[in-house]
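The values are calculated or read from the model by the stated rules, or taken from the named source; none is laboratory data. In this text the structure is predicted, and so the values were computed from the model without any measurement. Glycine gets a Cβ as well: all are built from the backbone with ideal geometry, and neighbour counts include every protein chain shown. Quick note on the areas: whole protein, heavy atoms, side chains included, nothing else; ligands and nucleic acids left out. Shrake-Rupley method; radii C 1.70, N 1.55, O 1.52, S 1.80 Å.
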Amino acid sequence: MESTKFRLYKKNLNRYYLRVFYQGLHKLNRLCGSWILSALVILLAISIISALLSIFQSGITNETILIITAIMNMVIAVFLVGAGIFELGWNPHAKEFMDDLLRIGMVNHAGEVPLPIEYSTITTANDAKYHNAQSVTFFCKGFPVEDWEATWQQKVETALNCSIDHFEEGNDKREVRMYFLPGNIKLPDCVKWEYKLLPKEDFQLAIGESLIGPVTINLEKTPHWLVGAATGGGKSQLLKLLALESAMKDARVSIVDFKGVDYHDIDNCCRLIYDEQQLLTLLDEKIQLMDERKELFREAGCTNLHEYNKKHTEKLFRHVIIIDEASLIFDTKGRSKEEKENIAKILNKTNTLIRLGRFAGLHLIIATQRPDVDSIPGSLKANLDGRICGKMADITSSAVVLDNGSAASLPAVPGRFIVRDATGENRICQVYYYNH
């Protein structure tokens, strides 16, 4: 009697071969167009019908030989077409990947393993350390991207002997694309910032290095960000880097630092805010600026800052507000009635800027060492689409920032962060170290 494991293996192997054939048909349709695929099917059908008609209409006396010859021709034709389609759908290392995932028990409740359906080498920059970057797409039911990141990543790395850079959703929710480097390749503990790394695109900022290349954020596409990291995790270094890069792109930068100790060394390129009254004044100024730009854009027939600057030689500046240690600002525990009223005003004004500031080129980056509902109110977090998270002590703290527990498994390396933009794609990177 067949063992349960052997039956499971045969079941997945049959699924794999069927998927290879399906992928071959899909590639043939994509490469040649549906009309060529239809033409091949029609020609094959015509050849079979013609062979059958010749059997019945032929005057040859030895009909048995003719029948055998026609059947053999049909079988050969079907085999050649099927083999060609199968070859189109075949991917190198796919069966090896599937076998390795079976070995670690990565199957859904139906016993189905993720099936590798597409494999490719990534074309990257000329830096030699990226030349072996690869990607593989898996067809998998019941394995969302979040599960790959939070539950399976370390096991998959061990099984496939690779270093995973990140996962992303494929063409639909049943496909997951994995980017990786073969072998035990690790990120360096320190990557120095250089001016040449500043992106030219408006308004893109360089964060750091991943296994397969630079990691950037784009404030034009994802305007507001939440940053979470424990003490010593490199949060202040990251915020300084974002402030300096924004200033290099001529943005007007304000840093809210109620501790008053971390940003004196960059006060030449930004405005520092130390208390609640200064913060309320800053927020009122930005809301007034937003209202003024709304009228200006309406008169100019523009919908946002980027569109306005493309049409006018006199450019308008972006404004970036960085709020460090949000718990000192938004946490109401132990506060007096007057203090709570001020906090409510600050929260309302901050929410107004986050909800409406994108069109006017106003961006907020809010950071905390203690990610919880008291330091990051739900109304605030809901509108912060971008997330950057360092090593967290537990899954709960990680979930506050990333909505999953993946940051709890990060190595305790200062500057090691997970970056996720509005697309939902998580990238592990080593943040650039700026030694000014």
If you check every pair at least six apart or on different chains, which have Cβ atoms under 7 Å apart with a residue in the range 261-285 that is more than 23 Å from THR350 (Cα to Cα) first and a residue that is loosely packed, with under 15 Cβ neighbours inside 10 Å and of a type in the set (Val, Ile, Thr) second? none
The lone condition ASN383 fails out of (1) part of a helix (DSSP H, G or I); (2) among the polar types (S, T, N, Q); (3) under 26 Å from the mean Cα position of the chain (by Cα) is (1)
Please tell me if LEU353 is assigned to a helix (DSSP H, G or I) and touching a residue at least 60 places away in the same chain (Cβ under 8 Å). yes
Among (1) touching a strand residue (DSSP E or B) at 6+ places or on another chain (Cβ under 8 Å); (2) closer than 18 Å to LEU410 by Cα; (3) not in a loop (DSSP other than H, G, I, E, B) - the single one ASP189 does not satisfy: (3)
Of the numbered conditions (1) open to solvent by 80 Å² or more (accessible area, probe 1.4 Å); (2) over 27 Å from GLY208 (Cβ atoms); (3) part of a helix (DSSP H, G or I); (4) at pLDDT 80 or above, ILE76 satisfies every one except a single condition; which is it? (4)
Out of VAL401, VAL419, sole residue that is out of contact with any Asp or Glu (no Cβ under 7 Å at 6 or more places or on another chain), among the β-branched types (Val, Ile, Thr), in contact (Cβ under 8 Å) with a residue 60 or more places away in the chain and part of a strand (DSSP E or B): VAL419
Given the conditions (1) in a loop (DSSP other than H, G, I, E, B); (2) in contact with a strand residue (DSSP E or B) (Cβ under 9 Å, 6 or more places away or on another chain); (3) at pLDDT below 90, every one holds for VAL413 apart from (3)
Let me spell it out: the conditions are (1) out of contact with any helix residue (DSSP H, G or I) (no Cβ under 9 Å at 6 or more places or on another chain); (2) within 27 Å of CYS190 (Cα to Cα), and GLY378 meets all of them except one. Which number is the exception? (2)
Of all residues in the range 364-392, how many are modelled with pLDDT of 85 or more, within 22 Å of GLY415 (Cβ to Cβ) and open to solvent by 10 Å² or more (accessible area, probe 1.4 Å)? 3
Given the options LYS173, LYS200, LYS186, name the one that is under 22 Å from VAL145 (Cβ atoms), of a type in the set (Lys, Arg), open to solvent by 30 Å² or more (accessible area, probe 1.4 Å) and free of Cβ contacts under 8 Å to residues at least 40 places away in the same chain. LYS173
List the pairs whose first member sits in the range 228-240 and is in contact (Cβ under 8 Å) with a residue 12 or more places away in the chain and more than 21 Å from VAL373 (Cα to Cα), whose second member is assigned to a helix (DSSP H, G or I) and open to solvent by less than 30 Å² (accessible area, probe 1.4 Å), and whose Cβ atoms are under 8 Å apart, counting only residues at least 6 apart or on separate chains? LYS240/ILE266
